[in-house]
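Participant: Shown below is the structure under consideration.
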Amino acid sequence: MAEKVKLSGVPETMLQTVYARAKESGSRGAIHDAKAEEIVGKLDYDFALADKDAAMRNGVIARTIVLDRLTKNVARIASRRSGHQYSLRA
């Protein structure tokens, strides 16, 4: 049974970000976020507003892709310099 959620303000914005990640992960696949899919799947929440906001959704996905690449590069450089292997999934 899904958990009924009623949010507003910052918490609602945060949830819409998770929803954007889950929706992208389950569709085109530009990113993969199993945890976002799991969280959204457990909630009883009206995501109609988030579905209408393509600019927000695309912005979330673009930022995710950029930050993932930057993080992987930093981990790669740190691994070379320290001799320690840093592992990042996806």
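Participant: May I ask you to list the residues in region 7-40 that are over 16 Å from residue 60 (Cβ atoms) and touching a residue at least 24 places away in the same chain (Cβ under 8 Å)?
Facilitator: Within region 7-40, 7 is the sole residue that qualifies.
Participant: While we're here: Restricting region 24-42 to residues that are closer than 21 Å to residue 69 by Cβ and basic (Lys, Arg), which is surrounded by the most Cβ atoms within 10 Å (Cβ to Cβ)?
Facilitator: Across region 24-42, the extreme among qualifying residues is 35.
Participant: Let me ask another. Between a first residue in region 76-90 that is on the phi > 0 side of the Ramachandran plot and a second residue that is at pLDDT below 85 and not in a helix (DSSP H, G or I), which pairs have beta carbons less than 7 Å apart while being 6 or more apart in sequence or on different chains?
Facilitator: Every condition considered, no pair remains.
Participant: Now a separate question. Suppose we filter 79, 8 for residues that are open to solvent by 70 Å² or more (accessible area, probe 1.4 Å) and among the small types (Gly, Ala, Ser); which single one remains?
Facilitator: Sole residue among the options that is open to solvent by 70 Å² or more (accessible area, probe 1.4 Å) and among the small types (Gly, Ala, Ser): 8.
Participant: Out of the residues in region 43-75 that are surrounded by fewer than 12 Cβ atoms within 10 Å (Cβ to Cβ) and touching a residue at least 12 places away in the same chain (Cβ under 8 Å), state the one that is farthest from residue 9 (Cα to Cα).
Facilitator: By that ranking, first place goes to 44.
The values are calculated or read from the model by the stated rules, or taken from the named source; none is laboratory data. Just so we're clear, the structure is a prediction, and the values are computed from it rather than from any experiment. Counting neighbours? That spans all protein chains shown, and the Cβs are built from the backbone with ideal geometry, glycine included. Note: areas computed on protein heavy atoms with side chains; ligands, DNA, RNA excluded. Shrake-Rupley method; radii C 1.70, N 1.55, O 1.52, S 1.80 Å.
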